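Reviewing the structure listed below.
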Amino acid sequence: LALASATPNPFNEAWFLLPSLRQFDPKGEVMLATHVVNGELVGLMPMLRDRDYHGRPLPHLANWLHSNAFSGEPLVRADHCASFWQHMLDWCDRHAHGSLFFHLSGIPADGAALAALRDIAGKPDRGLRIVETIERAVLHGGRSPQDHLRLALDKKRRKELSRKRRRLEETGQTIFTRATGEDCLDEWIDQFLQLEDAGWKGQESSSLVSARQTACFFRESLHGAAREHRLERLAFHINGKPVAMLCNFVTPPLAHSFKTAFDEDLYKLSPGMLLQVENLALLEREEIEMTDS
């Protein structure tokens with residue numbers, strides 16, 4: 001289903017969703033809405049019943065996202081988008097149990113889900129209202145990394161980045177790595193968790209390692225992504241020590257930059273920004289049309 005979905009969404013694929021449920025749904029309150037046709041799974045979306053709507057006591061049904069899942073697009077085969085939503089909404093009607101509405105969050109405006117919902121909402125007994133829109137930070141394929149940089153930064157800032165790269169390399173033996181499999185993945189994850197925790201997120205107790213659940217979820221999801229050939233990880237090391245790290249979920253034709261961390265003691269040299277420059281190479285792949293950060 002993940003490979004055949006009209007709009008890919010790594011955050012609802014099994015290797016990400018199962019660790020999420022294990023760590024963040026201890027009471028088993030999340031339901032899985034599944035659409036099966038002739039014995040084949042053609043649609044899937046996690047959902048739950050909620051009584052709190054932005055601080056107001058309004059019972060409703062909703063798709064399920066946690067704080068480390070960044071897209072609510074369901075996995076639906078392109079030829080079943082309309083029937084998925086029709087059956088989904090019919091089920092909501094029959095099982096409302098006092099719910100006043102069905103709230104969807106994190107739905108891409110250019111995805112197949114919203115397009116199909118707009119068609120259904122045109123009927124008299126259905127209403128659709130957009131209550132909030134957020135502009136996504138994305139880059140589109142079709143340009144070289146150099147072209148992207150020229151569009152984003154003027155000549156002076158590009159020269160400054162080049163200067164910072166040279167100064168970074170002067171601080172010690174600098175090695176850039178790009179990896180996809182599970183080789184040395186546990187060591188990479190350990191280094192990432194330590195690097196993130198050493199910065200402001202650690203000071204505010206919001207780093208992944210500050211809670212057992214988020215640390216376990218991060219480790220499990222990255223291993224799952226690597227097994228399914230969905231993971232790409234980048235890093236700068238100086239004298240063997242990580243100074244910038246980044247992991248992507250690659251689900252053609254889309255890719256999502258999931259987590260990044262950098263050594264804040266080197267902030268004047270912008271190691272995180274320099275790693276993002278290396279990450280632009282992702283857009284050179286023929287199968288990638290857009291990356292979302």
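The values are calculated or read from the model by the stated rules, or taken from the named source; none is laboratory data. This one's a predicted model, so the numbers in the text were calculated from it and none came from an experiment. Note: ideal-geometry Cβ built from the backbone for every residue, glycine included; neighbour counts use all protein chains shown. Ligands, DNA and RNA are stripped out before the accessible areas are found, and what is left, the full protein with its side chains, is counted by its heavy atoms. Shrake-Rupley method; radii C 1.70, N 1.55, O 1.52, S 1.80 Å.
Which one is least open to solvent (accessible area, probe 1.4 Å), of the residues in region 80-111 that are of a type in the set (Phe, Trp, Tyr), part of a helix (DSSP H, G or I) and out of contact with any helix residue (DSSP H, G or I) (no Cβ under 7 Å at 6 or more places or on another chain)?
Looking at residues that are of a type in the set (Phe, Trp, Tyr), part of a helix (DSSP H, G or I) and out of contact with any helix residue (DSSP H, G or I) (no Cβ under 7 Å at 6 or more places or on another chain), I get PHE84.
How about region 104-135: which of its residues are at pLDDT below 90 and among the β-branched types (Val, Ile, Thr)?
ILE120
Please find, within region 136-166, the residue that is modelled with the highest pLDDT out of those that are over 28 Å from the mean Cα position of the chain (by Cα) and acidic (Asp, Glu).
Among them, the one singled out is GLU160.
Here's a check for you: in region 256-267, which residue that is touching a residue at least 60 places away in the same chain (Cβ under 8 Å) and surrounded by fewer than 20 Cβ atoms within 10 Å (Cβ to Cβ) is farthest from SER162 (Cα to Cα)?
Checked region 256-267; the qualifying residue farthest from SER162 (Cα to Cα) is LYS259.
How many residues are aliphatic (A, V, I, L, M) and farther than 19 Å from GLY111 by Cα when one looks only at region 3-33?
Of the residues in that region, 7 qualify.
When you go through GLU232, GLU196 one by one, which is the residue that is open to solvent by less than 30 Å² (accessible area, probe 1.4 Å) and not in a helix (DSSP H, G or I)?
Result: GLU232 is the single residue among GLU232, GLU196 that is open to solvent by less than 30 Å² (accessible area, probe 1.4 Å) and not in a helix (DSSP H, G or I).
Has region 202-216 got any residue that is out of contact with any His (no Cβ under 8 Å at 6 or more places or on another chain), outside any strand (DSSP E or B) and open to solvent by less than 10 Å² (accessible area, probe 1.4 Å)?
Yes, region 202-216 contains a residue that is out of contact with any His (no Cβ under 8 Å at 6 or more places or on another chain), outside any strand (DSSP E or B) and open to solvent by less than 10 Å² (accessible area, probe 1.4 Å).
Quick grid of which residues meet (1) touching a helix residue (DSSP H, G or I) at 6+ places or on another chain (Cβ under 8 Å); (2) farther than 22 Å from LEU231 by Cα; (3) among the hydrophobic types (A, V, I, L, M, F, W, C):
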{"site": "LEU17", "(1), (2), (3)": "yes, no, yes"}
{"site": "ASP25", "(1), (2), (3)": "no, yes, no"}
{"site": "GLU29", "(1), (2), (3)": "no, yes, no"}
{"site": "ASN38", "(1), (2), (3)": "no, yes, no"}
{"site": "LEU48", "(1), (2), (3)": "no, yes, yes"}
{"site": "ARG56", "(1), (2), (3)": "no, yes, no"}
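Name the pairs: first residue in region 89-106 and of a type outside the set (A, V, I, L, M, F, W, C), second residue surrounded by fewer than 16 Cβ atoms within 10 Å (Cβ to Cβ), Cβ to Cβ under 6 Å, at least 6 apart or on different chains?
Filtered contacts from region 89-106: GLY98/PRO59; SER99/PRO59.
What tally of residues in region 11-34 results from selecting those that are within 15 Å of ASN63 (Cα to Cα) and open to solvent by less than 40 Å² (accessible area, probe 1.4 Å)?
Here the count works out to 9.
Looking only at region 170-193, how many residues end up being crowded, with 16+ Cβ neighbours inside 10 Å and either among the charged types (D, E, K, R) or in a helix (DSSP H, G or I) (or both)?
6
Please specify each residue of region 35-46 satisfying the condition of being assigned to a strand (DSSP E or B) and surrounded by fewer than 21 Cβ atoms within 10 Å (Cβ to Cβ).
The answer is VAL36, VAL37, GLU40, LEU41.
Show the residue pairs meeting these rules: Cβ distance below 7 Å; 6+ apart or different chains; first residue within region 210-238 and β-branched (Val, Ile, Thr); second residue in a loop (DSSP other than H, G, I, E, B) and surrounded by fewer than 17 Cβ atoms within 10 Å (Cβ to Cβ).
Within 7 Å, the pairs are ILE238/THR171; ILE238/GLY172; ILE238/GLN173.
So how many residues does region 134-163 have that are in a loop (DSSP other than H, G, I, E, B), under 18 Å from SER293 (Cβ atoms) and open to solvent by 70 Å² or more (accessible area, probe 1.4 Å)?
Residues flagged as in a loop (DSSP other than H, G, I, E, B), under 18 Å from SER293 (Cβ atoms) and open to solvent by 70 Å² or more (accessible area, probe 1.4 Å) within region 134-163 amount to 5.
Which of the following residues is among the acidic types (Asp, Glu) and in contact with a strand residue (DSSP E or B) (Cβ under 6 Å, 6 or more places away or on another chain): GLU196, GLU204?
Of the residues listed, the single one that is among the acidic types (Asp, Glu) and in contact with a strand residue (DSSP E or B) (Cβ under 6 Å, 6 or more places away or on another chain) is GLU196.
In this structure, is LEU58 modelled with pLDDT of 95 or more, open to solvent by 80 Å² or more (accessible area, probe 1.4 Å), over 21 Å from ASP90 (Cβ atoms) and of a type outside the set (S, T, N, Q)?
no
Exactly one of these conditions fails for ARG77: (1) out of contact with any Pro (no Cβ under 8 Å at 6 or more places or on another chain); (2) in contact (Cβ under 8 Å) with a residue 60 or more places away in the chain; (3) of a type in the set (D, E, K, R); (4) within 30 Å of GLN213 (Cα to Cα). Give me its number.
Failing condition for ARG77: (4).
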